[in-house]
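One structure is given here, and the rest of the page talks about it.
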Amino acid sequence: MAELRTSAPRRERGTDTRVIVDVDGQEPLWFSVAHEHAALLSDRADHVALAMLMPAMKAGRDLHIGGVMTDVLLHQINTDLQPLLQAIHPEFTMIRVDAEELAPAGPPRPGVGTGFSGGVDSLAAVRTYFLDGAVPEALRLTHLVNYNVGAHGTDGRGLWHARCAPLAEAAADWALPFVRVDSNLDLHYPQIGFLESVSMRNAAAAHVLAGGLGRMHVASAKHYAFAGVDSGGDIARADAMLLPAVSTPALTLSSANSGMTRVEKTLALIGRPEARYLDVCVSFDADRSGNCGQCDKCLRAVATFEIAGHLHDVVPRIFPATPYARNRGAFFTGVLASDDPFAHELRSLAAARGWRWGVPTRTRAVIERARREGDARLRHAARTRPGLALRRMLRG
């Protein structure tokens, strides 16, 4: 298949400042920021290589990047990064990536950013690197950033603006600039899901801002205990390995708070003023105000507070009570039946707090696990001796 080629980046100034590259046979790829943040934009094409690498590997097409690329990044793409991506996505093909021009990295800029969504992980990063005070100046946040690179669904710009509004208020409260990076990157990932590529999408957007930011704290979604290569496509599990491979001497992307579980980060919000900005919701309703209380992430957060004995500290102040109550039983069943890392964390919290799941929940969980595994004996045990069946199930 023919080589995929891109042009050198160019800037256009309209209602915002846009960095654009032409892509062979496709829509031009662009990223944009408000004019007031244009000084943060990089002149290099590093972001283009990171943005187009996964689609090129998926298509099995060598990739030629127009303009100037940082030599270190290109070397890492052609050595360690591609094998890691292929381990996560075995259907990907190793390709050759080259650039029109290479240059060594310049000195890192003084800005320090973090992706800020209002979620548990991003609030933990803000707390660690800004609110808690005891942080070296070289690591202290100077900017909050939010990317529109596919998390808000197809044609999700309206939802993105709705989600950004309260985040801008939080940034104003903390006297930090709030940089919104818009993009059409999602158009270039028609066969690669967001969760399967989120780390690379966000890394590309971070490099767009390397003209002003020299470090980006990437809020960790997974504890070190669950880090690793997931050949099923869960790219976030590999962040601790992937982020060094997408960094350069001019821009360091580092995993923030990988040593904390999601449960620990959630409970750390209790009694904290920044908890009022908590927005974990993945509902695609652009007209929503606050958390829906019934999507998986809302249910997980409220369940964490409930199991820890702090339900009334957050409901209904942050989450609506009725949707959670309606979906609570089914969610608990899923927690007991799942091998997901976050389910493991909730079960560990429950054991530590002496939480009792109840016989109906345990029975449904064993039946659900048995249904997934096609195990008739486990289904029978669930109906006759649910406690023993549950212990067998959790031992694997």
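Screening Ile88 against (1) surrounded by fewer than 20 Cβ atoms within 10 Å (Cβ to Cβ); (2) modelled with pLDDT of 95 or more leaves a single unmet condition, (1).
Of the residues making up segment 234-260, those that are surrounded by fewer than 16 Cβ atoms within 10 Å (Cβ to Cβ) and not in a helix (DSSP H, G or I) are Pro249, Gly259. Pairs linking a residue in segment 241-257 that is under 16 Å from Ile88 (Cβ atoms) to a residue that is acidic (Asp, Glu) and part of a loop (DSSP other than H, G, I, E, B), with Cβ atoms under 7 Å and 6 or more positions apart or on different chains, do not occur. Annotation note: Cβ proximity below 9 Å between a residue of segment 258-273 that is free of Cβ contacts under 8 Å to residues at least 40 places away in the same chain and farther than 14 Å from Ile318 by Cβ and a residue that is outside any loop (DSSP other than H, G, I, E, B) and open to solvent by 30 Å² or more (accessible area, probe 1.4 Å) (sequence gap 6+ or interchain) occurs for Ser258/Tyr224; Ser258/Ala240; Gly259/Tyr224.
When restricted to residues that are among the aliphatic types (A, V, I, L, M), under 17 Å from Ala219 (Cα atoms) and open to solvent by 30 Å² or more (accessible area, probe 1.4 Å), segment 187-208 contains 1. The residues listed here are Val68, Val48, Val97; of these, the one that is within 15 Å of Ala250 (Cβ to Cβ), in contact with a strand residue (DSSP E or B) (Cβ under 8 Å, 6 or more places away or on another chain) and modelled with pLDDT of 95 or more is Val68.
Among the residues of segment 261-277 satisfying the criterion of being assigned to a loop (DSSP other than H, G, I, E, B) and open to solvent by 10 Å² or more (accessible area, probe 1.4 Å), which is farthest from Ala203 (Cα to Cα)? Break it down into steps so the answer makes sense when it comes.
First, the residues of segment 261-277 that are assigned to a loop (DSSP other than H, G, I, E, B): 261, 268-272.
Next cut, open to solvent by 10 Å² or more (accessible area, probe 1.4 Å) only: 261, 268, 270-272.
On the way: Thr261: 23, Ala268: 27, Ile270: 31, Gly271: 33, Arg272: 30 Å.
That would be Gly271.
Within segment 33-44, is even one residue over 24 Å from the mean Cα position of the chain (by Cα), modelled with pLDDT of 95 or more, surrounded by fewer than 16 Cβ atoms within 10 Å (Cβ to Cβ) and within 20 Å of Pro107 (Cα to Cα)?
First pass over segment 33-44, keeping only residues over 24 Å from the mean Cα position of the chain (by Cα): 35-36, 38-39, 43-44.
From the residues that got through so far, the ones that are modelled with pLDDT of 95 or more too are 35-36, 38-39, 43-44.
Add one more test, that the residue is surrounded by fewer than 16 Cβ atoms within 10 Å (Cβ to Cβ), and what stays is 35-36, 39, 43.
Keeping just the survivors that are within 20 Å of Pro107 (Cα to Cα) gives 39, 43.
Yes, the conditions are met somewhere in segment 33-44.
Do the conditions hold for Leu74, that is, is it in a helix (DSSP H, G or I) and either without any contact (Cβ under 8 Å) to a residue 12 or more places away in the chain or in contact with an Asp or Glu (Cβ under 9 Å, 6 or more places away or on another chain) (or both)? Yes: the conditions hold for Leu74. Taking the criterion of being surrounded by 21 or more Cβ atoms within 10 Å (Cβ to Cβ), more than 16 Å from Val263 (Cα to Cα), at pLDDT below 95 and not hydrophobic (A, V, I, L, M, F, W, C), would at least one residue in segment 309-326 satisfy it? Yes; the residues of segment 309-326 include at least one that is surrounded by 21 or more Cβ atoms within 10 Å (Cβ to Cβ), more than 16 Å from Val263 (Cα to Cα), at pLDDT below 95 and not hydrophobic (A, V, I, L, M, F, W, C). With respect to the stated conditions, Phe92 is in contact (Cβ under 8 Å) with a residue 24 or more places away in the chain and closer than 26 Å to Gly232 by Cα. For Ala219, the conditions (1) modelled with pLDDT under 95; (2) surrounded by 20 or more Cβ atoms within 10 Å (Cβ to Cβ); (3) small (Gly, Ala, Ser); (4) in contact with a strand residue (DSSP E or B) (Cβ under 8 Å, 6 or more places away or on another chain) are fulfilled apart from (1). Of the residues in segment 51-58, at least one is under 26 Å from Thr142 (Cβ atoms) and either modelled with pLDDT under 95 or crowded, with 20+ Cβ neighbours inside 10 Å (or both).
The set of residues in segment 160-186 being at pLDDT below 95 and open to solvent by 10 Å² or more (accessible area, probe 1.4 Å) consists of His161, Ala162, Arg163, Ala165, Pro166. Of the set (1) touching a Pro at 6+ places or on another chain (Cβ under 6 Å); (2) open to solvent by 50 Å² or more (accessible area, probe 1.4 Å), all apply to Ala330 but (1).
Taking strands (runs of 3 or more DSSP E) that fall entirely within segment 16-71, which contain at least 1 residues that are more than 15 Å from Ala204 (Cβ to Cβ)?
17-21, 63-70
In segment 1-10, the qualifying residues are those that are assigned to a strand (DSSP E or B) and under 13 Å from Gly67 (Cα atoms), and the one that is least open to solvent (accessible area, probe 1.4 Å) is Thr6.
Let me confirm something: among Val97, Val68, Val112, Val120, which residue is surrounded by fewer than 19 Cβ atoms within 10 Å (Cβ to Cβ), in contact with a Leu (Cβ under 9 Å, 6 or more places away or on another chain) and of a type in the set (Val, Ile, Thr)? If you could, list the steps in order and put the result at the bottom.
On the way: Val97 fails: surrounded by fewer than 19 Cβ atoms within 10 Å (Cβ to Cβ); Val112 fails: surrounded by fewer than 19 Cβ atoms within 10 Å (Cβ to Cβ); Val120 fails: surrounded by fewer than 19 Cβ atoms within 10 Å (Cβ to Cβ).
Checking each option against the conditions leaves just Val68.
For segment 129-165, taking the residues that are farther than 17 Å from Arg180 by Cα and among the β-branched types (Val, Ile, Thr), the one that is farthest from the chain's Cα centre (by Cα) is identified as Val135.
Take the conditions (1) within 26 Å of Met260 (Cβ to Cβ); (2) within 24 Å of the chain's Cα centre (by Cα); (3) among the hydrophobic types (A, V, I, L, M, F, W, C); Phe92 misses just one of them, which is (1).
The values are calculated or read from the model by the stated rules, or taken from the named source; none is laboratory data. These numbers were taken from a predicted model, which means no experiment stands behind them. Cβ: placed from backbone, ideal geometry, glycine included. Neighbour counts: every protein chain shown. Side chains included, ligands, DNA and RNA excluded: accessible areas come from the protein's heavy atoms. Shrake-Rupley method; radii C 1.70, N 1.55, O 1.52, S 1.80 Å.
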